[in-house]
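These notes concern the structure reproduced below.
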Amino acid sequence: MSRSTVSDSIAFLRERIDETPRVLLVLGSGLGALAEEIEDPTQIPYGEIPGFPRSTVEGHAGALVLGRLEGVPVAVMAGRFHLYEGWAVEDVVHPVRTLLGLGAETLLVTNAAGGIRRAFAPGTLMLISDHVNFTGRNPLTGPVLEGETRFPDMTEAYDGTLRETVREVARERGIPLAEGVYAALHGPSYETPAEVRILERLGADAVGMSTVPEVIIARARGARVVGISCITNAAAGLTPEPLSHDEVVEAGAEASRDFSTLVRGVLARM
Ligand code: HPA
């Protein structure tokens, strides 16, 4: 995605909003309910935003919802672009580049993930402490875009202060919260049990097919990042059950009340 299309998207959104979002919230599978809680929402289908990736397969990629949550101006991505859908990594990160370029300072990113750590039951919320990029892609490949650094430091990709805030909110509201390392794979096939055993030995606690490209862009632009995974299933081979996408979406929806409470609590302290 070229520099010019990012600025086209920014220019379009600037015309349509009265307030610059401070936080970009990316909602993962099954966690979309939060988009309906936005106050004074302006909803813009991705298909209407110039420069946004255009789906040639199906026209229903999702929508951007702008408004306030807990008094904080937010932009919510209800639906994201995945590598496994065939999008180039530049397309996957285009909305993040746009919203951070527009002025958002914090990326709050969420996803559904398979639990690798044995203690993770479906419905567990896991604060992401760090990630492993096994997608085989990096969105910073190629020319350096304006506002981004060539070699971003990833030592504390997930902001320590914001992580402490998430832990505090969870403690206060009685929400069980785990913490661990998220490994991103390209997908769309789920992992084999052998792959899950390898990931476990390499230090991953959860596995999914998103998030990492978006986080890399946020770090290259100097934005703060906080990430939360909803563990929707035990990763392949850890139980005799086969994996199903329906089960992933259902478990996400079941955890969505705790998830909303957690996210709202964090925003209220920003
Ligand atoms: N693997 C990869 N991605 C996922 C999984 C999984 O088990 N569950 C939800 N997203």
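The values are calculated or read from the model by the stated rules, or taken from the named source; none is laboratory data. No experiment lies behind these values; they were computed from the predicted model shown. A quick note on method: Cβ atoms are made from the backbone with ideal geometry, for glycine too, and the neighbour counts reach across all protein chains shown. Each accessible area value is taken on the protein alone, full model and side chains, heavy atoms only, with ligands, DNA and RNA left out. Shrake-Rupley method; radii C 1.70, N 1.55, O 1.52, S 1.80 Å.
Things worth noting here:
- The set of residues from the range 242-270 being of a type in the set (S, T, N, Q) and within 16 Å of the chain's Cα centre (by Cα) comprises 256, 260.
- Residues in the range 90-109 that are within 17 Å of residue 186 (Cα to Cα) and open to solvent by less than 10 Å² (accessible area, probe 1.4 Å): 92, 93.
- Flag for residue 236 being near the ligand (Cβ under 8 Å from one of its atoms) and surrounded by fewer than 23 Cβ atoms within 10 Å (Cβ to Cβ): yes
- Scanning the range 211-233 for residues that are hydrophobic (A, V, I, L, M, F, W, C), within 14 Å of the ligand (Cβ to nearest atom) and under 9 Å from the mean Cα position of the chain (by Cα) gives 212, 228.
- The range 201-231, subset among the polar types (S, T, N, Q) and not in a strand (DSSP E or B), residue nearest to residue 97 (Cα to Cα): 211
- Every condition in (1) out of contact with any Leu (no Cβ under 9 Å at 6 or more places or on another chain); (2) open to solvent by 30 Å² or more (accessible area, probe 1.4 Å); (3) without any contact (Cβ under 8 Å) to a residue 60 or more places away in the chain; (4) not hydroxyl-bearing (Ser, Thr, Tyr) is met by residue 160 except one, and the failing one is (2).
- Looking at 236, 220, 170, just one residue is within 24 Å of residue 152 (Cβ to Cβ) and of a type in the set (A, V, I, L, M, F, W, C), and that residue is 220.
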